[in-house]
Structure formats: C-alpha cells, structure tokens
Amino acid sequence: MADRASPHERVLVFVPTYNDVEHLHSLIEEVRGLPGEFTVLIVDDGSTPPVRLDKQADSALLFRIPSNLGLGACTHIAFDHALRWRYRSVVRVDADGQHPVGAIPDLLEALDSDGVDMVVAERTNRHDGHGVRSILAKLVRGYLSVISKLMTHGRAPQDVNSGYFAATAHAAEVMNEYQLERYPEPQMYVLACRRELKIKEIPVEQLDRKHGSSSLTINRAALLMYRFSIFVLAELLQRSRIA
C-alpha cells in the first residue's frame, strides 16, 4: 500500500517548449518548492538556439528534439519517460508562464480521488480577451468543444483545449497506443473518454503570458480544425468497423 501513500510521490512535471525559455528557470524553482517528490522534464521542441539549463537547474531533466515536431511528440516523450521510470503520475505545464504551478497539488489531489485517470484544469478566464485573435480562439474552442462533446456523449471536458493536465501512469500508457497530433489536447481527451478513462475537471485561473505570444493565426486555426476533423472521421470509421 506504500504506493498509494501520497498523490505527490514520484510525479513527472513535463514542460514542452519551443523558443519559450525566459521563464524556464523560475518555473523549475517553483516546482522544486512544492511539497512532494517532483521531477521536471524540459522537452525542447527544436528551439533555436537549443535550450540550455544552468547549474541552478541541475535537478531538472532536458530532452532536445532536433526539429520542431509539435506538442504531440513532446507528450509522447514525457509519457515514455514516465512509464520507463515508473512515475505514478504526469503533469504538463507550459513554458510561457500561463499555467499556475501552485495548482499542481490540486490537480494531483483530484487525480487521487474516485479512480480518476486524468484531471484537466478548466481555465475559468479562457473566454477573456478582445480583438481578432481572441475571437478566432473562441471560434476554434467552440468548434472543438461541440465535436468533442458529440464524440463522447457529453463526457469530454468543458475546456477541451486546456494543456494543463495531470494523468496517471495508466492513462499515459493508454494514450501511448495512439499517435498524438501537433495540437493533441482535444484528441487526447476524446480518446480518453472513448477508451473509458475517467476524466475530472477542476477550475484554474490562467495567468498572463510571461513570455512569447499565441501562435494561433487564421491558417493555424484552419489547420487545427481540419486535422481534428480528420481524426474524428478516422475514429468513427475505425469504431464502426469494430462494431
């Protein structure tokens, strides 16, 4: 029963980054200050120049990808590492400072309750903002949310685009059976629900971005919706053949 002693034991916190480096060292320090046994894994997704950690961050792990492959590849790398070294759970935190590190214990507490496999941070202020980019983001979120709800009979998270999540080793193993795309969040949550994993949401207020800017453009938004639509069609066809 020692393995169930605390939800904060043997937790891998992975931080995917593509040229978002300014906040990395302070983020590592924030995680290091949390109560529990945490390991930080920085996944450098082809940054130019490559990410380098100084000696103050020697407790963190760094994995470099030679070229930019996207968040799906970063997530698989983190899941592979967590499974290889028998971590109890995995948490993703973005490098731009928007995910409040102080909420990690809340995610883990929720993960340790009621047989939950994944906990998603529902960003309570995700609809804030003005301007063309904000309107574009709302349209994309709305489309992905509606389709995800339909695909999962309403079981998908409300904030299906949230990249702030915690997952058990079992959930990581299930997700590693599939190829996660460049923007994997809605795909991952849909797959989790359709594979009977239990997902829970907790409210979290997203912080202001400390470094960089949103990569969402009209072209990227169209590509994101297109790729997700292809995934949905492939999933429906596959399940219909099995049935």
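The values are calculated or read from the model by the stated rules, or taken from the named source; none is laboratory data. Since the model is a prediction, treat every value here as computed from it, not as a measurement. Cβ placement follows ideal geometry from the backbone for every residue including glycine, while neighbour counts extend to all protein chains displayed.
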| Selection within region 97-111 - among the charged types (D, E, K, R) and crowded, with 19+ Cβ neighbours inside 10 Å | none
| task | Could you grab me the full set of residues in region 133-152 that are buried (at least 18 other Cβ atoms within 10 Å of the Cβ) and closer than 12 Å to I218 by Cα? | result | A137, V140
| request: Working carefully through the options D114, D54, find the one that is on the phi > 0 side of the Ramachandran plot and surrounded by fewer than 21 Cβ atoms within 10 Å (Cβ to Cβ). | output: D114
| In this structure, is P66 free of Cβ contacts under 8 Å to residues at least 40 places away in the same chain, closer than 24 Å to H23 by Cα and surrounded by fewer than 18 Cβ atoms within 10 Å (Cβ to Cβ)? | yes
| remark: Scanning region 148-168 residue by residue, those in contact with a helix residue (DSSP H, G or I) (Cβ under 6 Å, 6 or more places away or on another chain) and assigned to a helix (DSSP H, G or I) turn out to be S148, M151
| said: Please determine whether any residue of region 65-81 is under 13 Å from L12 (Cβ atoms), in a helix (DSSP H, G or I) and of a type in the set (S, T, Y). | reply: yes
| Count - residues of region 1-22 that are modelled with pLDDT under 95, among the hydrophobic types (A, V, I, L, M, F, W, C) and within 9 Å of A95 (Cβ to Cβ) | 1
| request: Check region 23-34 and report whether any residue there is β-branched (V, I, T), in contact with a Ser or Thr (Cβ under 8 Å, 6 or more places away or on another chain), at pLDDT 90 or above and closer than 25 Å to V116 by Cβ. | output: no
| request: Look through region 177-190, keep the residues that are out of contact with any Leu (no Cβ under 7 Å at 6 or more places or on another chain) and touching a residue at least 24 places away in the same chain (Cβ under 8 Å), and return whichever of them is farthest from G70 (Cα to Cα). | output: V190
| task | Starting from residues that are within 19 Å of the chain's Cα centre (by Cα) and either in contact (Cβ under 8 Å) with a residue 24 or more places away in the chain or in a loop (DSSP other than H, G, I, E, B) (or both), keep the ones in region 130-142 and report whichever is nearest to P186 (Cα to Cα). | result | V140
| field | Selected residue [closer than 20 Å to G36 by Cβ, among the hydrophobic types (A, V, I, L, M, F, W, C), in contact with a Phe, Trp or Tyr (Cβ under 7 Å, 6 or more places away or on another chain) and at pLDDT 90 or above] from A103, A167, A121 | value | A121
